[in-house]
1. Report, in degrees rounded to the nearest 10, the 0 to 90 angle that the Cα long axis of helix 72-90 makes with the longest principal axis of the chain.
2. For segment 257-385, give the magnitude of the charge dipole about the Cα centre (Cβ charges: +1 Lys/Arg, -1 Asp/Glu; no others), in debye to the nearest 20.
3. Would you mind checking the tilt of helix 309-318 against the longest principal axis of the Cα atoms of the chain, expressed as 0 to 90 degrees and rounded to 10?
4. Tell me, how many Å apart are the Cα centres for segment 59-89 and for segment 208-229?
5. What aspartates and glutamates sit close enough to Lys380 to cross-link, taking a C-alpha to C-alpha distance under 16 Å and skipping anything fewer than 8 places away on the same chain?
6. Normalised by the number of residues in the chain, what is the relative contact order in percent for Cα pairs under 8 Å and 6+ residues apart?
7. Nearest 500 deg cm²/dmol is fine: what mean residue ellipticity at 222 nm does the chain get from its DSSP H runs of n ≥ 4 alone, each adding -39,500 (n - 2.57), divided by its residue count?
8. Share of antiparallel DSSP beta bridges in the chain, in percent to the nearest 5?
Amino acid sequence: MKKQIYLDHAATTPVREEVFSAMEPWFSSHFGNPSGVHQVSRKAAAGLSQARRKIAKILDCTPGELIFTSGGTESDNLAIRGVAWKALLDNRGKHIITSAVEHYAVEKTISQLCELHGFEQTVLPVDSKGAVDPKDLREAIRPDTILISIVYASSEVGTIQPIAELSAVAAEFNTPFHVDAVQAGVCQDISVKRLGVDLLTLSAHKVYGPKGAGLLYLKQGIELISQTTGGSHEKNHRAGTENIPAIAGFATALELAQNRKEEESKRLTELGRYLIDSVLKKVPNSYLTGSPENRSPGHVSFVFEGIKADTLLMHLDMAGICASSGSACATGSPEASGVLLAMGLDAELSMGAIRFTLGLSTKKEDIDYVIQVLPDIIQKIRTNY
Ligand SMILES: *Cc1c(COP(=O)(O)O)cnc(C)c1O
């Protein structure tokens, strides 16, 4: 069989067997639409509320504070545009604060609000490790600030933001705080109480659940305007029949991940550390991007002098290693990464950004193999181009 080492868990994760089994009944015997009144509907509605309760317990909130969506992108859109439209309606202000290391789902939604509705944004800078400073947030908040949106863990460089500190600043000014926690579901604390956040985004397929399901935690009392209009699903926050099989799988996946997060974080941190140390030692002119300590477990990102990410990825793929350039969504575009530029990295070097993201199935021998072949591949590219 052809070698295949999957090191792209920040892009997506495989569905766990237990998750797959948990989904099956909702496709077959319990196929009902949860909005109806008869027994088939009631069965589906019971499944939906069971999943909601399960997730609420993990997030430390009430089931009524959860809105199921089609994924992280939709949840980010709903959080930001929904809160912004409500502020527009109430004439409360048009200023949004975000950071320079956001996912496109956040960045582009805010930019669109600026273009279409005249919102203004302050993009908080990051330090060379990719971290936002709560002091900068404090200085950026204005009387007309209606939302702050900061990512929990960067998908590109793995840096973990000090969310509880940032949200505490937001709370002092009574400004709603949204966190995109998509990359944090497997290894981080996602209690909305301890994080002190008002809105939180998660996605099922980043936590070993299926693609096409996500959620937005919306704290009781925070109002938003729905982006999809139609039926009264999800407390009028998101019209459309809920994707019950995917939601059931999401709940199971999140529960399994969070139940083992300490062990898995420790294991992934050690494996990641081993990959980082070995590559930096064996490959001349290689640099870790992001923070050496304060990073998502199993997230490993580098730049290599004189190397373009696309070329390296192609060679790695031929060797059976599935990695990706900084942002999976930006693959194919030969531009330097905005995140790396914001961290002060040189534009030329930024073109070589590559990430290996480890996960449940990753074993030490997989990392040994990467360490064995990567230095030769890089040397070959450097001498041939
Ligand atoms: C993957 C990702 C998203 C988008 O989630 P989808 O479910 O794929 O739409 C949003 N934010 C971050 C940080 C991500 O890594």
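1. Computed tilt is about 50 degrees.
2. On the way: 14 positive and 16 negative charges, 44 e Å.
Dipole magnitude for segment 257-385 comes out near 220 debye.
3. The helix 309-318 is inclined about 80 degrees to the chain.
4. After rounding, the separation between the Cα centres reads 4 Å.
5. Straight-line reach from Lys380, under 16 Å: Glu305, Asp310, Asp317.
6. Relative CO of the chain lands at 22 percent.
7. Dividing the helical sum by the residues of the chain leaves -13500 deg cm²/dmol.
8. 55
Here, each number is a calculation from the coordinates, and none is a lab measurement. Predicted model, so just to flag it, every value in this text is computed and none were measured. For neighbour counting, all protein chains shown are included, and Cβ atoms are generated from backbone atoms with ideal geometry for every residue, glycine included.
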